[in-house]
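To keep things clear, I will list the structure first and then write my remarks on it.
Quick note: the coordinates plus some simple rules give every number you see, no bench work behind them. Small disclaimer: the values here were computed from a predicted structure and weren't measured. As a convention, Cβ positions derive from the backbone with ideal geometry for all residues, glycine included, and neighbour counts pool all protein chains shown.
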Amino acid sequence: MSTAQERRPHVRAVIGGSIGNLVEWYDWFVYASFALYFAGRFFPEGDATAQLMNTAAVFAVGFLARPLGGWLLGRVADRRGRKFGLTLSVSMMSLSALMIAVAPTHDRAGYLGAVVLLVARVLQGLSVGGEYAASASYLTEASRRGHRGLGSSFQYVSVTLGQLLGLAVLMVVQATLTEAELTAWGWRIPFIIGAVAAVVVFYLRRGLHETDAYREEAAHDDAERRGTVREVWRHRRAALLVFALTIGGSVAFYTYTTYLTKYLANSVGLSKSDATLVMFLALCLFTVLLPVGGAVSDRIGRRPVLIFFGVGTTLGTYPILTAMQRWPSVGVALALTMLALTIVCGYSSVNACVKAELFPTSVRTVGVAIPYSLAQAIFGGTAEYIALAFRDAGHEHYFFFYVSGCALFSLVVYLAMPETRTAALSRAEELGSDEERVA
C-alpha cells in the first residue's frame, strides 16, 4: 500500500472527528461572543459591567455541568465507543442552541428567559464535558503513531475554527444590522445557525469508523470494567496530572480567546467591531500555528512545548495586557494578541494527545473527562467572571497576576511530569514496541 493510501483513512478520521467538534465549540463560544448584545435583554438591571457579570455567571454554570457531562458521556464513550459518544454530544448541543435561540427576553417573560438560558447552558456543559474527552481520545487513537501530536492538534484547530465561525457571523450581522436590531433580535441568529449545523453534523458523525484501539479493547476486555470511576481511581496519578496541567492552559486560553474581546472593548477602548476584527485575525494565525505545535511535539516531545507555554504565559501576561491599555490601537492590540496566542499554542496544540496518552484505552475517555472538566469548571469557566469582578472593584490588574500564577503552577507540573510521546495506546502498539526493542 502506498504512503498516500496509508494516510487516507487517518486523514478521514481526523476530519470526521474535527468537524463535529467545530460545531460543538461554535455553539459554546458564540454565547460569549454575543453576550455584549443580549446581556441587557435577560438582565436589564444595573450597568453594562453588571449585565456582563450576570451573563458570565451563566457562562460559568455551563462549566460547572462539565464534570458531570464528562463522567456521563465519558463512560458512554468508553463502554459503547468513541463514535457513539461523539454523536450523542452533538445532539445535546443542537438542542441547547435551539433553546437559547427561542428563549423569551425579560420584557416578555421576566426572568423565565434567564432560566431557559441557564438550562441551555447546563445542557451545553454536559455536552462539551463529554465532547472534549471523546474527541481527544478519538483523534489521538485514530492518528498514526509518531504523528499523534499533529493529528490531535486538530481538536483545537476545530475549536478555534468554531470560534472563528462565531466571530465571522458576528462581523456579518454587525455590518448588516444596526446595533438596535442586533440587541433586539439579531443576537438570536448565531444560535439558529448552530442548531441547524449540529443536526447536519449528527448525520456526518454517524458515518465515522470506530478506532482500532477501542475495537481491540472491546474484544478483549471486560465491558463492566470500562469507563468506571473505580478504574479512574486506579489511574489517579494520571488523573491528577490532567487536572494540574489543565489549570494554567484553560485560564490562559479563555483569557485570550473568550474574555479578550470584552477586555479590548471595555478596558482598552476599542469599538466592539474593532475588538471583534482583532480577535478574528489573531485566531486565524492561531489556527495555522496549532498543527505546527503538534508536529513539533512529535519531533521533540510534549513537555518542551508545554514548558514553552508555561514560561511565556507566566512572564508575558502582565506586560501584554498592560501594553494594550498603554497603546490603545487596533495595530498594537492585534500584534499583542497574536503574540499571546502564539504562546498559548504551546498548550492548546498538545493538550489533547498528552492527556489521552496518560491513560489505557479502557478508561481513556472518562479518565481525561473528569479531571479536565473539573479543572475547566473551577478555573477556565470562572476566568471571565473573575476578570470582570476585579475590574468592577477597580483592581483589574490583579487578574493579570492571577493568570500568571495559574500558568506558573502548571509550569511546575510540566517540568516534573513524564514524557508521553512514545506511549503505546493499544496492545498492537505495545507489541510493535517490543519487536522494535528486540530488533
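Eigenvalues of the Cα gyration tensor times 5, then square-rooted: what semi-axes does that give for region 248-303, in whole angstrom, largest first?
Ellipsoid half-lengths, sorted descending, are 28, 13, 6 Å.
What number does region 64-149 give for Rg over Rh if you use C-alpha atoms and the Kirkwood radius? It would help to have the intermediate numbers written out before the result.
On the way: Rg = 16.0 Å, Rh = 13.9 Å.
Using Cα coordinates only, the ratio equals 1.15.
How much length is gained on full extension from LEU315 to GLU179, taking 0.36 nm per residue of separation minus their Cα-Cα distance?
My answer for the length gained is 45.1 nm.
Between the alpha-carbon centers of region 340-367 and region 117-185, tell me the distance in whole angstrom.
With region 340-367 and region 117-185 each reduced to a Cα centre, they are spaced 17 Å.
So if we plug the beta-carbon distance of LEU285 and VAL102 into 1/(1 + (r/R0)^6) with R0 = 35 Å, what FRET efficiency do we get, rounded to 0.05?
Efficiency for this residue pair is about 0.45.
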